Amino acid sequence: MLLVFDIGNSNIVMGTYEGKKLLRHWRISTDRQKTGDEYGMLINSLFAYHNIRMEQVKAIIISSVVPPLMVPMIKMCERYFHIRPLIVGPGIKTGFRISYENPREIGADRIVNVAGAFEQYGGPLIVIDIGTATTFDVVAPNGDFLGGVIAPGLSSSADALFQRAAKLPRIELVTPKRIISRNTVSGMQAGIIYGYVGQIDEIVRRMKKEMGYNEIKVIATGGYARMISRESKMIDKIDHFLTLTGLRVLYERNSE
């Protein structure tokens with residue numbers, strides 16, 4: 001059994017694979033204050049609920065954009081699973097070329113998404129990860145990573161309004177029924193969500209024009225992917241397990 005971890009700024013998503021089959025998956029809050037022992041006990045509880053034994057795990061791979069959690073997570077893997085995990089980072093075999101001025105600057109989550117997307121959908125592709133930040137990654141027909149865009153996420157934009165404007169409240173991010181709003185909350189929701197949809201569609205439109213290919217699939221993943229895709233004209237498919245798939249693919253490429 002393979003255990004995969006995607007450590008994001010807001011959530012840690014993890015899953016267990018048997019071959020190419022995703023057996024179980026979980027989403028927990030990212031807590032920079034938790035120790036390796038605390039994460040070990042939490043994972044043990046999740047495993048026990050599904051009748052999974054820790055000794056069934058034979059390999060672990062971790063992708064993280066939260067550096068302070070790497071040491072606790074590695075110690076957790078070594079203490080509770082007796083496994084040294086494979087870390088997505090410099091030196092890992094990706095199977096594709098990275099056209100970036102400094103490849104070390106690229107977040108591990110973007111590398112994982114590209115690997116998972118090309119494995120499942122082929123190329124060319126635009127992969128949009130709608131999370132704390134929103135990333136747009138462009139994949140060539142042969143699977144090479146050509147570059148992309150980084151933009152503020154939905155929740156980051158909402159938090160910025162709440163923190164910077166004294167009279168604006170913290171809001172729930174749901175799609176309002178109308179664009180012309182008659183109260184502050186729905187006005188903020190309309191501005192953030194529809195403005196965000198416009199941003200995504202315009203960035204994708206410009207990317208397609210610059211790439212010059214006739215057929216380009218647009219795959220979305222991340223916590224807000226479903227809500228945004230309902231309004232977007234550019235998103236072709238949602239894949240909530242894209243990052244987990246990418247972690248499995250990278251593990252396979254590095255274990256051969």
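The values are calculated or read from the model by the stated rules, or taken from the named source; none is laboratory data. Nothing here was measured: the structure is a model prediction, and the numbers come from that model. Methodologically, a virtual Cβ is constructed for each residue, glycine included, from the backbone with ideal geometry; neighbour enumeration extends over all protein chains shown. Only protein heavy atoms, including side chains, enter the accessible area calculation; ligands, DNA and RNA are left aside. Shrake-Rupley method; radii C 1.70, N 1.55, O 1.52, S 1.80 Å.
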Those trypsin sites (Lys or Arg not before Pro) from region 137-194 that are DSSP loop and have at most 11 other Cβ neighbours within 10 Å turn out to be K167, R170, K177, R178, R182
Per residue of region 199-211, what does 6.51 cos²θ - 1.76 cosθ + 1.60 with θ = phi - 60° give for ³J(HN,Hα)? Whole Hz please, x for Gly and Pro, Karplus curve as stated. 4, 4, 5, 6, 5, 5, 4, 5, 4, 4, 5, 6, 6
Taking the dipole about the Cα centre of the chain, with the C-beta of Lys and Arg at +1 and of Asp and Glu at -1, give me whichever of M188, P67, G95 is farthest to the positive side. M188
In region 1-41, what trypsin sites (Lys or Arg not before Pro) fall in a loop by DSSP, with at most 11 other Cβ atoms inside 10 Å? K20, R32
DSSP beta bridges in the chain, what fraction antiparallel, as a percent rounded to 5? 65 percent
Can you list residues from other chains, or at least 5 along the same chain, whose modelled amide H is less than 5 Å from the amide H of I83? E78
Taking a cut-off of 14 Å between Cα atoms, list the aspartates and glutamates near K93, but don't count ones fewer than 8 places away on the same chain. D144, E252, E256
Net charge near I150, counting Lys/Arg +1 and Asp/Glu -1 over other residues with Cβ under 13 Å of its Cβ? -3
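Is there a pair in K75/K208; K21/K217; K34/K177; K20/K217 whose C-alpha atoms are over 32 Å apart, and which pairs would that be? Before the final figure, lay out the partial values.
Working: K75/K208 43 Å; K21/K217 24 Å; K34/K177 40 Å; K20/K217 23 Å.
Distance filter (> 32 Å) returns K75/K208; K34/K177.
Give me the dipole magnitude in Debye, nearest 20, for region 1-83 about the Cα centre, with unit charges on the beta carbon: positive for Lys and Arg, negative for Asp and Glu. Don't skip to the answer; put the middle values down first.
Working: 10 positive and 7 negative charges, 38 e Å.
In total the dipole reaches around 180 debye.
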Here the percent of antiparallel bridges among DSSP beta bridges lying wholly in region 39-167, to the nearest 5, is 80 percent
Lys/Arg Cβ at +1, Asp/Glu Cβ at -1, dipole of region 33-154 taken about the Cα centre: which of L86, V138, Q120 is farthest positive-ward? L86
For region 119-189, what is the Kirkwood estimate of the hydrodynamic radius, computed as the reciprocal of the mean inverse distance between distinct Cα atoms, to one decimal in Å? 14.6 Å
Summed over the other residues with a beta carbon less than 14 angstrom from that of V112, with K and R at +1 and D and E at -1, the charge totals -3
GNM flexibility winner over the chain from A220, A140, A160 (Cα, springs under 10 Å): A160
Using a Debye calculation, one point per C-alpha and no hydration shell, please list log10 I(q)/I(0) for region 104-242 at q = 0.12, 0.16 Å⁻¹ in order. -0.49, -0.81
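Could you tally the net charge around P72, taking each other residue with its Cβ under 15 Å from the Cβ of P72, Lys/Arg +1 and Asp/Glu -1? Let's see the in-between values first.
Numbers: positive: R32, K34, K75, R79, R84; negative: D31, D37, E38, E78.
My count for the surroundings of P72 gives +1.
Give me the percent of accessible area attributable to carbon and sulfur for the chain, probe 1.4 angstrom.
About 49 percent, which is the carbon plus sulfur part of the accessible surface.
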Between L23 and N51, with labels modelled 7 Å along Cα→Cβ, what's the label distance in nm to one decimal, could you check? 1.2 nm
Dimensions (Å) - the chain, Cα atoms, principal axes, largest first: 57, 44, 32
Suppose we keep just the DSSP beta bridges with both residues in region 122-256; what percent of those would be antiparallel, to 5? 65 percent
Rounded accessible area per residue of the chain, 1.4 Å, Å²: 52 Å²
DSSP-assigned coil residues among trypsin sites (Lys or Arg not before Pro) in region 35-81, each with at most 13 further Cβ atoms within 10 Å: R53, K58
With +1 on the Cβ of every Lys and Arg and -1 on the Cβ of every Asp and Glu, the dipole magnitude of the chain about its Cα centre, in debye rounded to the nearest 20, is 540 debye
